[in-house]
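**Student:** The structure is given below, and queries will be raised subsequently.
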Amino acid sequence: MVSCAVEGGCPSDYVAISISILSIILLLAKAVAPYLIHKIPRPKGSSFWLVAIQVLASFNLLLSLVMALKFLKFKRSHWWSSCYIWAVWLEGPLGFGLLLGCRIVQGFQLYNIFVKRRLAPIRSYIFLPLILLPWIAGSIFIHLKKPLNYRCHMGTQWIIPVICLHALYIAALVGFTGAIQHVEFRFHELKDLWRGILVSVCSIGIWVVAYILNEEHEDISWVQIVSRFLLLVTTSILVLAFFSMSLSQPLISLMSLRKKDHPEYKTMGRALGIPDSGLLLQEELTQFANPKEPLDKLLLNRKFRQSFLAFADSCLAGESVHFYDEVQQLEKVPGNDHVRRIYMARHIIDKYIAPGATMEVNISHRCRQEILSTLDLAHPDLFKNAVNELMQLMKMNLVKDYWSSTFFMKLKEESSIRSVNHELEEVKGRNFSHRLSSVSCADDPFHQEHSPNKLDSDLQ
């Protein structure tokens, strides 16, 4: 036991490594499941790369512990096995710091979006490196002072600053989360976040105790074996708990939008419970659409909008119509329902407005910047100028071609058929009403109650 405590390779070490490998497999499965199983298109921007960075940071943290604490037997005779690479850089700024940094970015985004009701003033790809600066500075300082021995342990005077740096990041995450605790989210971001923080804090508490024991008692073999086992196992739990916490646009809600057994959640409007998310008139067209009518009035009709949208998609120019449709859904949300309005507005910005969005619409730079720099995501006129620009664009291009397309011809035929059927139903309804009105109460067989005894007496 003494030999494996120093050189690595104890049975408990292999058990801990197996647990860490399993956690990485589960982590990767959770990360790719929405895209492979539920066929969710890969999002652009921070909603994707924050997840990818978190998976990478989790892998770095687990690998650094395995290499730095000698879970495996190997000699530190090469530069790549240096304690400062694994125990300082990969475990610090590229591991724990990066992992906590992603969660702090999430809390920062949620705070700005739902409390300040605006997009975050600092982009995520700028804010995350700023968060890592204390870790980088600390790693440089340790690398220059070289306090680590051949077993990657440091003295007592270094343990307290290192633990304080870990605690600082936990406090920042709890601080941002505490600032948004009064917001009632449509999805369960805050609930999942607090649950993840609770599990993470418990794991980190055990991790800190094991870390101190591992650093302070190098001469006690069983303490070394048990402490490093706890370090790796609690870290495996930590990375899974952190990844289970939803992002600012939760993975759980994204998956629910695409599940085949939940067809009602195929759009964000339905997922948010917006009534009549199509925002279409309840009455069907009884006559074909008039080309002389204004486009905004025609688009209020369900059949016309479906036909026009299908035509626009066939021309690979459906982004404007889809955008108009979702903005109309947003207008269905009451003005005092800020949370749902913010959800829908942020969904529209991510899908249509942000540069490089999956269905980026063709609007002016000034209009785009007005939306991206808004101070109120729940403002009723947030997308008004963008809708006006796109309406003009559709009138100049799509509308003229639509009237001569087969889509309009088909709509015209269907409208004529519905009109005839509607007239026939009205005629039948009038005839039926006339027949009923000619029946007097005495002759009405349904006016009297018929009991079995009454029927028997009548038959006799």
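The values are calculated or read from the model by the stated rules, or taken from the named source; none is laboratory data. What you are looking at is a predicted structure, and each value in this text was computed from that prediction instead of being measured. Glycine gets a Cβ as well: all are built from the backbone with ideal geometry, and neighbour counts include every protein chain shown.
**Student:** Does region 347-369 hold any residues that are among the charged types (D, E, K, R) and over 21 Å from Gln329 (Cβ atoms), and which are they?
**Tutor:** To start, the set of residues in region 347-369 that are among the charged types (D, E, K, R) comprises 350-351, 360, 366, 368.
Hit for region 347-369 is Arg366, nothing else.
**Student:** While we're looking at this one, here's another question. Take Leu133 and decide whether it is assigned to a helix (DSSP H, G or I), modelled with pLDDT of 85 or more and more than 28 Å from the chain's Cα centre (by Cα). Before the answer, list the steps.
**Tutor:** Numbers: assigned to a helix (DSSP H, G or I): yes; modelled with pLDDT of 85 or more: yes; more than 28 Å from the chain's Cα centre (by Cα): no.
Against the criterion (assigned to a helix (DSSP H, G or I), modelled with pLDDT of 85 or more and more than 28 Å from the chain's Cα centre (by Cα)), Leu133 does not qualify.
**Student:** If Ala317 passes every condition in (1) closer than 28 Å to Lys303 by Cβ; (2) among the hydrophobic types (A, V, I, L, M, F, W, C); (3) not in a loop (DSSP other than H, G, I, E, B) but one, which one does it miss?
**Tutor:** So Ala317 meets the others, but not (3).
**Student:** Condition first: modelled with pLDDT of 90 or more, more than 30 Å from Tyr14 (Cβ to Cβ) and either in a loop (DSSP other than H, G, I, E, B) or of a type in the set (Phe, Trp, Tyr) (or both). Can you find one or more residues in region 55-76 that meet it?
**Tutor:** So far as region 55-76 goes, no, none of its residues is modelled with pLDDT of 90 or more, more than 30 Å from Tyr14 (Cβ to Cβ) and either in a loop (DSSP other than H, G, I, E, B) or of a type in the set (Phe, Trp, Tyr) (or both).
**Student:** Separate question: Can you tell me which residue among Leu330, Leu316, Leu251, Leu285 is at pLDDT below 85 and closer than 20 Å to Ile363 by Cβ? Walk me through how you get there before you give the answer.
**Tutor:** On the way: Leu330 fails: at pLDDT below 85; Leu251 fails: closer than 20 Å to Ile363 by Cβ; Leu285 fails: closer than 20 Å to Ile363 by Cβ.
Of Leu330, Leu316, Leu251, Leu285, the one residue that is at pLDDT below 85 and closer than 20 Å to Ile363 by Cβ is Leu316.
**Student:** Within the set of pairs 6 or more residues apart or between chains, which connect a residue that is at pLDDT below 80 inside region 13-40 to a residue that is in a loop (DSSP other than H, G, I, E, B) with Cβ atoms less than 7 Å apart?
**Tutor:** Short answer, once both residue conditions are applied: Pro34/Ile40; Tyr35/Arg42; His38/Lys259.
**Student:** Residues that are free of Cβ contacts under 8 Å to residues at least 24 places away in the same chain, surrounded by 13 or more Cβ atoms within 10 Å (Cβ to Cβ) and not charged (D, E, K, R): list the helices (runs of 4 or more DSSP H) wholly contained in region 334-405 that include at least 2 such residues.
**Tutor:** 365-372, 384-396
**Student:** If you don't mind, there's one more thing I want to ask. Identify, please: which residue in region 166-205 is among the aromatic types (Phe, Trp, Tyr) and within 30 Å of Leu272 (Cβ to Cβ) and is, among those, modelled with the highest pLDDT? Before you say what the answer is, go through the steps one by one.
**Tutor:** First, the residues of region 166-205 that are among the aromatic types (Phe, Trp, Tyr): 169, 176, 185, 187, 194.
Keeping just the survivors that are within 30 Å of Leu272 (Cβ to Cβ) gives 176, 185, 187, 194.
Values: Phe176: 79, Phe185: 71, Phe187: 68, Trp194: 74.
Checked region 166-205; the qualifying residue modelled with the highest pLDDT is Phe176.
**Student:** Just to be sure I understand, how many residues within region 92-124 are part of a loop (DSSP other than H, G, I, E, B) and either on the phi < 0 side of the Ramachandran plot or buried (at least 24 other Cβ atoms within 10 Å of the Cβ) (or both)? So that I can check it myself, show each step before the final result.
**Tutor:** In the first step, residues of region 92-124 are kept if they are part of a loop (DSSP other than H, G, I, E, B); the result is 116-123.
Add one more test, that the residue is either on the phi < 0 side of the Ramachandran plot or buried (at least 24 other Cβ atoms within 10 Å of the Cβ) (or both), and what stays is 116, 118-123.
Count: 7.
**Student:** Looking at the structure I just gave you, is Tyr150 in contact with a Cys (Cβ under 8 Å, 6 or more places away or on another chain) and surrounded by fewer than 20 Cβ atoms within 10 Å (Cβ to Cβ)? Reasoning before the result, please.
**Tutor:** Working: in contact with a Cys (Cβ under 8 Å, 6 or more places away or on another chain): yes; surrounded by fewer than 20 Cβ atoms within 10 Å (Cβ to Cβ): yes.
Yes, satisfied.
**Student:** So for region 171-186 (the condition being within 26 Å of His347 (Cβ to Cβ), in contact with a Lys or Arg (Cβ under 8 Å, 6 or more places away or on another chain) and free of Cβ contacts under 8 Å to residues at least 12 places away in the same chain), does at least one residue qualify?
**Tutor:** Scanning region 171-186, I find no residue that is within 26 Å of His347 (Cβ to Cβ), in contact with a Lys or Arg (Cβ under 8 Å, 6 or more places away or on another chain) and free of Cβ contacts under 8 Å to residues at least 12 places away in the same chain, so the answer is no.
**Student:** When you scan region 138-181, how many residues do you find that are more than 30 Å from Tyr111 (Cβ to Cβ) and in a loop (DSSP other than H, G, I, E, B)?
**Tutor:** Of the residues in that region, 10 qualify.
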